[in-house]
Amino acid sequence: MPTKCPTVAVYLTRWLDEVIQPNREPTTYVAYEPLVRLYIIPGLGKKRLDKLTVRDVQTWLNTLPTLCTCCDQKKDQKRPENKRRCCSVGKCCKGYPSRSTIAGIRRVLRSALGNAIREEVISRNVAGLATLPSASKTKKKRQHTTWSVDEARRFLEHLRATDDPLYALYVLILLLGLRRGEVLGLAWDCVDLPGEQLWISRQLTRVGGQLLHRNTTKTEDSDASLPLLGLCVAALKHRRRIQEGAEKTAGEKWRGSDLVFTTRNGTPIEPRNLNRAFDAHCAKAGVPRIRVHDTRHTCASLLAALNVHPRVAMRILRHSQISMTMNVYTQIPSPETRKALDRLNQSLDTG
């Protein structure tokens with residue numbers, strides 16, 4: 001007798017557990033699972049997979065732009081009664097999913113149905129035939145996405161003046177454009193100070209409740225050696241001295257690892273804690289608050305301030321064409337800024 005076709009809920013749950021979790025990056029499962037649990041299963045879960053139509057998917061997708069996730073998932077209702085402030089007390093917060101979230105939901109469904117086709121459970125992918133609806137833009141654009149060279153210089157001068165133990169980390173993200181996970185996952189065996197280069201083949205990420213030090217980076221181009229500028233070499237030498245001192249101070253409490261940037265006890269730094277520290281330093285240095293990732297956009301201007309050749313900058317920025325580098329290699333720094341960066345370099349060499 002033929003096997004009864006599973007429902008969308010049954011099939012997608014099995015797809016997550018048997019296809020995605022064992023064979024894809026942990027971050028992929030963490031991203032897909034809530035989209036399936038919170039959106040796809042409540043909307044389409046009871047439908048049999050072979051009975052699912054384009055119209056079913058389209059009608060469901062059309063409801064998402066006006067579906068308040070707080071109301072639908074009872075987020076406010078789950079709060080203590082004295083802390084409820086919106087949807088459970090008649091004041092809808094209009095927490096609608098963004099267009100990118102809706103696109104991600106459809107992408108997950110389409111991927112799952114594609115797997116069902118390969119398993120010969122169904123014959124066509126109805127999610128791929130549905131049209132993505134428009135969504136209301138509820139979020140305001142951020143005002144600051146990058147710093148000027150002068151703002152970056154002020155930020156570094158503040159860190160150096162306070163002798164922040166993670167000064168070298170901020171130098172690397174500003175002058176090499178490293179991503180948060182890349183710099184937190186950087187190990188000493190990937191740093192060649194005499195040869196003035198480093199490799200970024202690993203990254204530190206939090207997946208669910210676990211910190212993972214993975215041997216992969218975001219792109220193939222990311223897994224390459226980068227030249228270390230003089231300021232970076234000086235900062236890393238200073239960082240090594242700080243870490244050696246911290247290890248002696250911690251004694252038996254030291255949780256040794258090969259990571260360049262650790263806590264005072266040698267443990268990996270939580271990505272969220274870095275975000276908090278970065279925000280606090282922005283305020284104290286008197287510069288606009290931006291995300292850690294936004295420092296990548298300041299990198300090219302700082303390289304120009306240090307008189308780095310465009311070809312070297314191209315390698316650091318991991319651009320495939322020199323024209324891409326030149327498009328962002330345009331800010332002309334003042335003589336005062338050049339001198340200030342030189343002073344930072346010299347202060348580390350003599351520190």
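Does residue 199 count as more than 30 Å from residue 245 (Cβ to Cβ) and under 20 Å from the mean Cα position of the chain (by Cα)?
Here the answer is no, as residue 199 does not meet what is asked.
Looking only at the range 156-211, count how many residues are touching a helix residue (DSSP H, G or I) at 6+ places or on another chain (Cβ under 6 Å), assigned to a strand (DSSP E or B), more than 18 Å from residue 308 (Cα to Cα) and among the aliphatic types (A, V, I, L, M).
2
Filter the range 288-308 for residues that are more than 23 Å from residue 181 (Cβ to Cβ) and of a type in the set (Val, Ile, Thr) and give the result.
Answer for the range 288-308, where residues must be more than 23 Å from residue 181 (Cβ to Cβ) and of a type in the set (Val, Ile, Thr): just 308.
Does the range 60-80 contain any residue that is out of contact with any strand residue (DSSP E or B) (no Cβ under 9 Å at 6 or more places or on another chain), within 26 Å of residue 119 (Cβ to Cβ) and assigned by TED's automatic domain parsing to the domain that holds residue 120?
Looking for residues that are out of contact with any strand residue (DSSP E or B) (no Cβ under 9 Å at 6 or more places or on another chain), within 26 Å of residue 119 (Cβ to Cβ) and assigned by TED's automatic domain parsing to the domain that holds residue 120, one finds at least one in the range 60-80, hence yes.
Output yes when any residue across the range 294-308 is outside any helix (DSSP H, G or I), among the polar types (S, T, N, Q) and on the phi > 0 side of the Ramachandran plot, and no when none is.
yes
Pick from the range 23-50 the residues that are in contact with a Cys (Cβ under 8 Å, 6 or more places away or on another chain) and either among the aliphatic types (A, V, I, L, M) or not in a helix (DSSP H, G or I) (or both): which of them is farthest from residue 105 (Cα to Cα)?
48
Which of the residues spanning the range 83-100 are part of a helix (DSSP H, G or I) and more than 10 Å from residue 70 (Cβ to Cβ)?
Those that are part of a helix (DSSP H, G or I) and more than 10 Å from residue 70 (Cβ to Cβ): 83, 89, 99, 100.
For residue 105, work out the one condition from (1) in contact (Cβ under 8 Å) with a residue 40 or more places away in the chain; (2) part of a loop (DSSP other than H, G, I, E, B); (3) not charged (D, E, K, R) it doesn't fulfil.
(2)
Residues are listed down the side, and each one gets a yes or a no for (1) in contact with a Cys (Cβ under 9 Å, 6 or more places away or on another chain); (2) surrounded by 15 or more Cβ atoms within 10 Å (Cβ to Cβ):
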| residue | (1), (2) |
| --- | --- |
| 232 | no, yes |
| 246 | no, yes |
| 249 | no, no |
| 254 | no, yes |
| 260 | yes, yes |
| 263 | no, yes |
| 266 | no, yes |
| 272 | no, no |
| 279 | no, no |
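Report, ordered by the first and then the second residue, all pairs with beta carbons closer than 7 Å, sequence separation of six or more or different chains, a first member in the range 3-25 that is free of Cβ contacts under 8 Å to residues at least 60 places away in the same chain, and a second member that is polar (S, T, N, Q).
Hits for this filter: 20/28.
Of the residues that make up the range 253-267, is at least one touching a Pro at 6+ places or on another chain (Cβ under 7 Å), free of Cβ contacts under 8 Å to residues at least 60 places away in the same chain, assigned by TED's automatic domain parsing to the domain that holds residue 154 and under 15 Å from residue 166 (Cα atoms)?
Yes.
Among the residues of the range 1-32, how many are of a type in the set (Gly, Ala, Ser) and either closer than 16 Å to residue 117 by Cα or touching a helix residue (DSSP H, G or I) at 6+ places or on another chain (Cβ under 7 Å) (or both)?
1
The values are calculated or read from the model by the stated rules, or taken from the named source; none is laboratory data. Predicted model only: the values in this text are computed from it and were never measured. Cβ: placed from backbone, ideal geometry, glycine included. Neighbour counts: every protein chain shown.
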